[in-house]
Amino acid sequence: MIGRPRILLGVTGFVLTLGLATTVLLVRGGSETPTPVAHSSAASLDALVADFTGALSAGQPYRPPSAAERRAGQEGFTKVLDAGKATPSALDGLGFSVRDGVDAKTGRPYTIAVNESGTERAWGMYVIDRSAPPSLVVEVPHPAFDLRTELAGLDQFRQVPGAVLMIAGAHRKAGGGKADVAHEESSMFHVVATTLMARKLAQVQLHGFDDDSQPGTDIVLSTGVGKASDPAFRAADRLGAHGFVVCRGWAQTCPGLEAKTNVQGKAAAAAGTVFLHVEMSRTVRDSATRRADVVRALTEAKPGG
């Protein structure tokens, strides 16, 4: 009579131990699996972008990376870009989390690098479409300030296999204005942009303006200090074909919206690469339909050739 309870107790203990071991394996297994995991809904990449930009504010902590950190960022991003998948790199030491995923909306694989949250190293989100060689750079330098430009940016990214999406990691007013990456060369955003420029990739940079600052205009399209060429002409024509009133910065006066001081534009002009600075009115940005029309027009223009 005494032996039976001991046997039962032993069996029970074995089952509990097995259950605990199984639980530990299940919990730890995800971090040890290097292959991309398909997201369960089409909104997963949308949610990552929405959560990232939704946390930004003018009062958030921010500091520009040091020269050494910028060099490490260039080295790390280049390694991840060339690896074709998430891989250990210097980005890890800069507070970035790098992983692979599959966008359920397009079915295409991507690698995403995101800065750590809640610290002054608010240096951006970078998404690389892995379905084709790098082809087009889509830039969102003023998230949470130029409202809904991140939505247009994500949509544009999805239209072009091989695109790279860049979203600044801080509100442009953060850090006493030092987080305005479109006008600060000492930013990780500029490091990544110039790294991609060195590969002769075209850039489409998305911005927004208040309706009353350019009355009667839907889009201000410019090339910064660079000379306008066929990609800009095609983009202006396609935008016009979709019913937008376009101010062409190379041929008309579009006060304060022509990107003459934009540092990515200046670098592109020096490198001889395509740079399209796209300013959308508040009315356009507030309309999902019109945002989609902008993206469609830019895609049709094939700025990357």
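The values are calculated or read from the model by the stated rules, or taken from the named source; none is laboratory data. Treat the numbers as computed from the prediction; the structure is a model and nothing was measured. Heads up, the Cβs are rebuilt from the backbone with ideal geometry, glycines too, and the neighbour counts pull from every protein chain shown. Side chains are part of the model used for accessible areas, which takes the heavy atoms of the whole protein and leaves out ligands, DNA and RNA. Shrake-Rupley method; radii C 1.70, N 1.55, O 1.52, S 1.80 Å.
General remarks:
- Average Cα contact separation per residue, the chain, under 8 Å, 6 or more apart, as relative contact order %: 16 percent
- Cα long-axis angle, helix 67-83 against the chain (0 to 90 degrees, to the nearest 10): 70 degrees
- Note that the stretch 292-305 has calculated 3J(HN,Hα) couplings of 5, 5, 4, 4, 4, 5, 5, 5, 5, 6, 6, x, x, x Hz, one per residue in order, obtained from phi through the Karplus relation 6.51 cos²θ - 1.76 cosθ + 1.60 (θ = phi - 60°); glycine and proline are x.
- Accessible surface of the chain, 1.4 Å probe, proportion on carbon and sulfur as whole %: 57 percent
- Distance violations [Cα-Cα > 26 Å] among 79/200; 178/266; 85/105; 105/302; 173/302: 173/302
- Among the chymotrypsin sites (Phe, Trp or Tyr not before Pro) found in the stretch 95-148, not one is both in a DSSP coil and sparsely packed, with 13 or fewer other Cβ atoms within 10 Å of its Cβ.
- Taking other residues whose beta carbon is less than 14 angstrom from the beta carbon of residue 229, and scoring Lys, Arg as +1 and Asp, Glu as -1, yields +3.
- Solvent exposure of the stretch 94-169 amounts to 29 Å² per residue of accessible area, where only protein heavy atoms count and the probe is 1.4 Å.
- Here the scattering of the stretch 157-216 is modelled by Debye summation over its C-alpha atoms, one equal scatterer each and no solvent; at q = 0.19, 0.26 Å⁻¹ the log10 of I(q)/I(0) is -0.85, -1.12.
- GNM on the chain, alpha-carbon springs under 10 angstrom: the most fluctuating residue among 88, 64, 255 is 255.
- Rg and Dmax of the stretch 129-275, Cα atoms only, in Å: 14.7, 41
- Angle of helix 230-241 to the longest C-alpha principal axis of the chain, folded into 0 to 90 degrees and rounded to 10: 90°.
- The calculated FRET efficiency for the pair residue 159 and residue 186, based on their C-beta separation and a Förster distance of 45 Å, comes to about 0.90.
- Residue 271-residue 211 pseudo-label distance in nm [points 7 Å out on the Cα-to-Cβ vector]: 3.7 nm
- The stretch 221-305: trypsin sites (Lys or Arg not before Pro) in DSSP coil with no more than 11 other Cβ atoms inside 10 Å: 227
- Placing a label point 7 Å from the Cα of residue 300 along the Cα-to-Cβ line, the residues of the stretch 232-275 whose backbone N sits under 19 Å from it are 232-248.
- Normalising the Debye intensity of the chain to I(0), with uniform scatterers on Cα atoms only, and taking log10 at q = 0.07, 0.08, 0.09, 0.13 Å⁻¹ returns -0.31, -0.38, -0.46, -0.88.
- Calculated [θ] (222 nm, deg cm²/dmol) that DSSP helices of n ≥ 4 give over the chain, each run adding -39,500 (n - 2.57): -12000 deg cm²/dmol
- Angle between the chain longest axis and helix 149-159 axis [Cα atoms, degrees, rounded to 10]: 80 degrees
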